[in-house]
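Participant: Have a look at this one.
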Amino acid sequence: MRRRFYPLISLLMFFVLAGTSFASSEEGHDLASSDIPDSVEGFKHLWREVMIDITVIGVFFALVTVYFLITYRRKRPGQEGRPVKLSRAAVFGWAIIPVFVFMADDLYLGAQGWSLWNSYRTPPESSYEIQLQSSMWSWKFTYPGGVESYNEMRVPAGKPILVRMTSSDTIHSLFIPDFKVKEDSMPGRITYLWFYPKETGEHLITCAEYCGMMHSSMAGKIIAMEQDKFDSWLASEQAALKAEEGA
Amino acid sequence: MSGSKGGVGKFLKEWIFTIDHKRVGILYLIGSLAAFAVAGLMAMLIRVELSSVGPTITDPNTYNVWLYFHGAAMILGFQIPALTGFFANWLIPLQIGARDVAFPRLNALSLWLFWMGIILALLTFVVPNPPDIMWTAYPPYSILSPGNTAFYSFTVLIMGFASIAGGVNLITTIIYMRAPGMRWGKLNMFVWCTLGAFILQLIFVPILGTAVTMISMDKYLGTTFFSPTHGGDVLLYQNLFWFYSHPAVYVILLPVLGIIFDIVATFARNRIFNYKVAVYGGIGGITLVSGEVWVHHLYASGMPNWIRVGMMMSTLLISVPVGLCVLSIIGTLYRGAIEFKTPMLYAVGFIFLFLIGGLTGIPLALNSLDLYIHDTHFIVAHFHYVMAVAGTFSIVGGIYYFWPKFTGKMYNETLGKLGFVVTFIGVNITFFSMFFVGFAGMPRRYFDYAQMPQLESGHRLVTFGAFILAVGFLITLVSWLHSLFAGKPAPDNPWGSKSLEWTTSTPPGPGNWAEVPDCENFDPYGYGE
Ligand code: HEM
Ligand SMILES: [Cu+2]
Ligand SMILES: [Cu+2]
């Protein structure tokens, strides 16, 4: 009689285990801490892990298939298979065990994916904010103070950058391959992404949502500059803007 | 085919006014293969364009029309009609022991609606301003576009009516027209799979119909469903679209799996491994879960964060029923007596392609990883492996498998196998290298990639593979034509299958059997006893 409860107990234990894996991965990511999570590193780490995971599964299934194909090839004409008659227990075993294995793997990856997701979607307090308006077919960036630039986003290196975006005509998607991130910009909605240029340098921006004829030419770049160079660039642009308004 | 004039007229009349499920099925097949040929030609043109940086053979507007046509025609005109039109119509009555479908006239109606859809889709190449809105047709672009979006809407609507009529018809057929003794517990896997696919079609096609009607109303009648400046919302469409189109990939996958199950059982002379779990857990599970994952296409679309996380979990969980089906297919090989005829080669090829395609779905399901690879060529490689190519392998394998039965001719085994080998090599060169091009950052739907010229060699390799692939399909076409004109007459049951469709004469006449078979002691997978 007691044996009946075994599956139930193992199911419970399974969820408890899964739960702890969630909890521990949440702990590792302390939202309140001041150090900035590195999503690019997180991406590379998780990507590697997932690739290993699916390669192992894939190679295992492929090898089993090849083994069966060779071992059970027809050796004489008219030969029939020798089907296995599964007992009741075997039927359930062949269902429950794979289901558990698949679900355990799913939950394990899901937990990690979720915590990386949190870091992707939680811009640090200290982020520098830039507004983006996309249109067919260009990117317009607006900095605090009203300075605008087209297709070139200048940012201070060493600071997390938060881009808030919308679109004036159709949907575009701000895609920054180097920072492993993208987000759609849409008319009537405001969306965001953030990234962390640790060093100075240039990075490609390109459009990832089909937007018509010039979709593939909607490229731009991010120029990460030293903080003081950025400040002086912004100040001079600001002065030019003032002068223009005064005129 | 008689030579006299009256003979030709009679012949045409017999086919055009036919309500016989087998002829309806074959006419579906002809239409869907025509769509496949034209859309395949588009694919080759697309690959040539991408083979070098800068404009190669055309301009962006024409390129976008090709790409639109390729996607829409392959899914709506080739795969869905080949599977739910040809295979389902031709095969289900034969497998359940019925003389025809439940509503033969309705069946003819859905066939001719489908043909209207095919003709409408082909008109893309003659009208001015053809649509350039991609198969997804997201607004606002589909509304702002100078192209004739209405073409898309009406093609979808007509094909949708055809699908709904077909779904009602075949679900009724499966429930009420089974031969005496043909109990649920011993139906062919193909019948189960198709039942699941039709249930999904009936629930979700109307939603796609609604969505495409709304874009045409916005564009031509001045409504503002998707216009934020007038209180509309652009994301509404994407939700409606994927609410249908994610299940749609399972509408394709389920019959595809069904064909593979049946081919594998026949050529391994073996029972389906763990039949009940495959049916209730695998096929039932896919049917249930496939409606709850659509947001995985919208991970980068600014949906609320919580729903993007929830649908990450449901997407991952779909690997459970899919895994059960794969386990069952591979398990059917165990202790079998496997014979490698052309259909079986395609089935084996399917297993490998599907493994690669399915497993690369896992990183996409993880929303944080998808923020990078979404809308890149990585996605294109994923769905070509899992749906486009694996699905086509199942369709081509299925055509070879049933070829002797529906044409009455045998095909040439050497030509068939040669076609398989060349196609399999071509497919893997094309789409495996496409994973790398995509992971290097190449976005989808790009006419050019001047900003990442370093990808040119990768693109070259993809295009090279595509040419091999095309040669493979041409060999297959030659083998079919060769068989039609010079094939030997086929026996009733060339594969020694135990399944009911092989008990008919070849090709099966009107009414399928002289007497409806008694299935009390029948088992479609009764091998080995
Ligand atoms: C283990 C199972 C699978 C998982 C976890 C999975 C996951 C995904 C995800 C998350 C996407 C969206 C990626 C993006 O656009 O960023 C996607 C795209 C797609 N998948 Fe899968 N997939 C699986 C199996 C399948 C199957 C079986 C089919 C078809 C038979 C399929 C067909 C497609 C198609 C057509 C697209 C792209 C649609 C488009 O954007 O045009 N997938 N898949
Ligand atoms: Cu774009
Ligand atoms: Cu999907």
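Participant: On the basis of being more than 9 Å from ligand 1 (Cβ to nearest atom) and either over 25 Å from B:PHE86 (Cβ atoms) or open to solvent by 10 Å² or more (accessible area, probe 1.4 Å) (or both), does B:PHE432 make the cut?
Facilitator: yes
Participant: From the residues in segment A:199-209 that are part of a loop (DSSP other than H, G, I, E, B) and open to solvent by less than 50 Å² (accessible area, probe 1.4 Å), which one is nearest to the other protein chains (Cβ to nearest Cβ)?
Facilitator: Restricting to residues being part of a loop (DSSP other than H, G, I, E, B) and open to solvent by less than 50 Å² (accessible area, probe 1.4 Å), the top hit is A:ALA208.
Participant: Among the residues of segment B:376-392, are any surrounded by fewer than 22 Cβ atoms within 10 Å (Cβ to Cβ), more than 15 Å from ligand 3 (Cβ to nearest atom), among the hydroxyl-bearing types (Ser, Thr, Tyr) and outside any helix (DSSP H, G or I)?
Facilitator: No, because not a single residue in segment B:376-392 is surrounded by fewer than 22 Cβ atoms within 10 Å (Cβ to Cβ), more than 15 Å from ligand 3 (Cβ to nearest atom), among the hydroxyl-bearing types (Ser, Thr, Tyr) and outside any helix (DSSP H, G or I).
Participant: Do we have any residue at all in segment B:256-270 that's within 16 Å of ligand 1 (Cβ to nearest atom), within 11 Å of chain A (Cβ to nearest Cβ) and open to solvent by less than 20 Å² (accessible area, probe 1.4 Å)?
Facilitator: No, segment B:256-270 has no match at all.
Participant: Could you tell me which numbered condition B:LEU288 fails, if it satisfies all but one of (1) within 13 Å of ligand 1 (Cβ to nearest atom); (2) away from chain A (no Cβ under 13 Å); (3) more than 19 Å from the chain's Cα centre (by Cα)?
Facilitator: Unmet condition: (1).
Conditions tested, residue by residue: (1) outside any loop (DSSP other than H, G, I, E, B); (2) under 19 Å from the mean Cα position of the chain (by Cα); (3) within 27 Å of B:MET303 (Cα to Cα).
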{"residue": "A:MET153", "(1), (2), (3)": "yes, no, yes"}
{"residue": "A:THR166", "(1), (2), (3)": "yes, no, yes"}
{"residue": "A:ASP169", "(1), (2), (3)": "no, no, yes"}
{"residue": "A:LYS221", "(1), (2), (3)": "yes, no, yes"}
{"residue": "A:SER236", "(1), (2), (3)": "yes, no, no"}
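Participant: Within the bounds of segment B:416-438, is there any residue that is within 21 Å of B:PHE354 (Cα to Cα), in a helix (DSSP H, G or I), in contact with a strand residue (DSSP E or B) (Cβ under 9 Å, 6 or more places away or on another chain) and at pLDDT 95 or above?
Facilitator: Scanning segment B:416-438 turns up at least one residue that is within 21 Å of B:PHE354 (Cα to Cα), in a helix (DSSP H, G or I), in contact with a strand residue (DSSP E or B) (Cβ under 9 Å, 6 or more places away or on another chain) and at pLDDT 95 or above.
Participant: Let me ask something else about it. Can you name every residue in segment B:302-312 that is part of a helix (DSSP H, G or I), modelled with pLDDT under 90 and facing another protein chain (nearest Cβ under 9 Å)?
Facilitator: B:ASN305, B:ARG308, B:VAL309
Participant: Return the only residue of B:ALA365, B:ALA337, B:ALA390 being among the small types (Gly, Ala, Ser) and either modelled with pLDDT of 95 or more or under 18 Å from the mean Cα position of the chain (by Cα) (or both).
Facilitator: B:ALA390
Participant: Related question: Condition first: within 16 Å of ligand 3 (Cβ to nearest atom) and in a loop (DSSP other than H, G, I, E, B). Can you find one or more residues in segment B:329-342 that meet it?
Facilitator: no
Participant: Is it fair to say A:GLY158 is touching a residue at least 40 places away in the same chain (Cβ under 8 Å), more than 19 Å from A:LYS229 (Cβ to Cβ) and not in a strand (DSSP E or B)?
Facilitator: no
Participant: Can you find a residue that is open to solvent by less than 10 Å² (accessible area, probe 1.4 Å), away from ligand 3 (no atom under 16 Å from the Cβ) and facing chain A (nearest Cβ under 9 Å) anywhere in segment B:227-236?
Facilitator: Within segment B:227-236 (the criterion being open to solvent by less than 10 Å² (accessible area, probe 1.4 Å), away from ligand 3 (no atom under 16 Å from the Cβ) and facing chain A (nearest Cβ under 9 Å)), the answer is yes, since at least one residue qualifies.
Participant: Restricting attention to segment A:92-101, and to residues there that are more than 9 Å from chain B (Cβ to nearest Cβ) and open to solvent by 40 Å² or more (accessible area, probe 1.4 Å), which single residue is nearest to B:PRO363 (Cα to Cα)?
Facilitator: A:PHE100
Participant: Another question, if that's okay. What pairs come up if the first residue lies in segment B:382-393 and is under 13 Å from B:ALA248 (Cα atoms), the second is open to solvent by 20 Å² or more (accessible area, probe 1.4 Å) and within 6 Å of ligand 1 (Cβ to nearest atom), and their beta carbons are under 6 Å apart, counting only those six or more places apart or on different chains?
Facilitator: Cβ pairs passing all conditions: B:MET387/B:VAL249.
Participant: What is the residue count in segment B:294-309 for residues that are open to solvent by 10 Å² or more (accessible area, probe 1.4 Å) and touching a helix residue (DSSP H, G or I) at 6+ places or on another chain (Cβ under 8 Å)?
Facilitator: 8
Participant: Quick one: in segment A:189-198, which of the residues that are more than 18 Å from B:ILE373 (Cβ to Cβ) and more than 7 Å from chain B (Cβ to nearest Cβ) is most open to solvent (accessible area, probe 1.4 Å)?
Facilitator: Among residues in segment A:189-198 that are more than 18 Å from B:ILE373 (Cβ to Cβ) and more than 7 Å from chain B (Cβ to nearest Cβ), the one most open to solvent (accessible area, probe 1.4 Å) is A:ILE190.
Participant: Among (1) within 8 Å of chain B (Cβ to nearest Cβ); (2) within 16 Å of ligand 2 (Cβ to nearest atom); (3) over 30 Å from B:TRP135 (Cβ atoms), where does A:MET186 come up short?
Facilitator: In the conditions (1) within 8 Å of chain B (Cβ to nearest Cβ); (2) within 16 Å of ligand 2 (Cβ to nearest atom); (3) over 30 Å from B:TRP135 (Cβ atoms), A:MET186 misses (3) alone.
Participant: Does segment B:283-323 hold any residues that are of a type in the set (Gly, Ala, Ser) and closer than 19 Å to B:VAL234 by Cβ, and which are they?
Facilitator: B:ALA300, B:SER301, B:GLY302
Participant: Kindly list the number of the only condition in (1) of a type in the set (Gly, Ala, Ser); (2) within 8 Å of another protein chain (Cβ to nearest Cβ); (3) touching a strand residue (DSSP E or B) at 6+ places or on another chain (Cβ under 6 Å) that fails for A:GLY113.
Facilitator: (3)
Participant: Another question, then. With segment B:1-75 as the region, which helices (runs of 4 or more DSSP H) entirely inside it contain at least 2 residues that are farther than 30 Å from B:GLY408 by Cα?
Facilitator: Of the helices (runs of 4 or more DSSP H) lying wholly inside segment B:1-75, those with at least 2 residues that are farther than 30 Å from B:GLY408 by Cα span B:21-50, B:60-72.
Participant: Would it be correct to say that B:GLY511 is touching a Lys or Arg at 6+ places or on another chain (Cβ under 6 Å) and more than 26 Å from B:ALA347 (Cα to Cα)?
Facilitator: The answer is yes for B:GLY511.
Participant: Being within 16 Å of ligand 1 (Cβ to nearest atom) and open to solvent by less than 10 Å² (accessible area, probe 1.4 Å) is the filter; apply it to segment A:210-220 and report the residue that is farthest from B:GLY441 (Cα to Cα).
Facilitator: A:CYS211
Participant: So if I check each of B:ILE199, B:ILE207, which one is within 16 Å of ligand 3 (Cβ to nearest atom), under 28 Å from B:VAL389 (Cα atoms), open to solvent by 10 Å² or more (accessible area, probe 1.4 Å) and of a type in the set (A, V, I, L, M)?
Facilitator: Within the list B:ILE199, B:ILE207, the selection yields B:ILE207.
Participant: I'd like to know if segment A:167-178 contains one or more residues that are among the acidic types (Asp, Glu), within 30 Å of B:PRO146 (Cβ to Cβ) and open to solvent by 20 Å² or more (accessible area, probe 1.4 Å).
Facilitator: Yes, because at least one residue in segment A:167-178 is among the acidic types (Asp, Glu), within 30 Å of B:PRO146 (Cβ to Cβ) and open to solvent by 20 Å² or more (accessible area, probe 1.4 Å).
Participant: Continuing with the same structure: Taking into account only those residues within segment A:128-137 that are open to solvent by 30 Å² or more (accessible area, probe 1.4 Å) and away from every other protein chain (no Cβ under 14 Å), which is farthest from ligand 2 (Cβ to nearest atom)?
Facilitator: Checked segment A:128-137; the qualifying residue farthest from ligand 2 (Cβ to nearest atom) is A:TYR128.
Participant: Then there's this: Which members of segment B:144-177 meet the condition of being open to solvent by 40 Å² or more (accessible area, probe 1.4 Å), within 14 Å of chain A (Cβ to nearest Cβ) and not in a loop (DSSP other than H, G, I, E, B)?
Facilitator: B:LEU144
Participant: From the list A:ALA89, A:ALA104, exactly one residue is more than 7 Å from every other protein chain (Cβ to nearest Cβ) and over 23 Å from B:LEU316 (Cα atoms). Which is it?
Facilitator: A:ALA89
Participant: Being open to solvent by less than 40 Å² (accessible area, probe 1.4 Å) and assigned to a loop (DSSP other than H, G, I, E, B) is the requirement here; does B:ASP492 meet it?
Facilitator: Spelling it out, it is not the case that B:ASP492 is open to solvent by less than 40 Å² (accessible area, probe 1.4 Å) and assigned to a loop (DSSP other than H, G, I, E, B).
The values are calculated or read from the model by the stated rules, or taken from the named source; none is laboratory data. Computed from a predicted structure; not experimentally measured. Every residue, glycine among them, receives a Cβ derived from its backbone with ideal geometry; neighbour counts consider all protein chains shown. Only protein heavy atoms, including side chains, enter the accessible area calculation; ligands, DNA and RNA are left aside. Shrake-Rupley method; radii C 1.70, N 1.55, O 1.52, S 1.80 Å.
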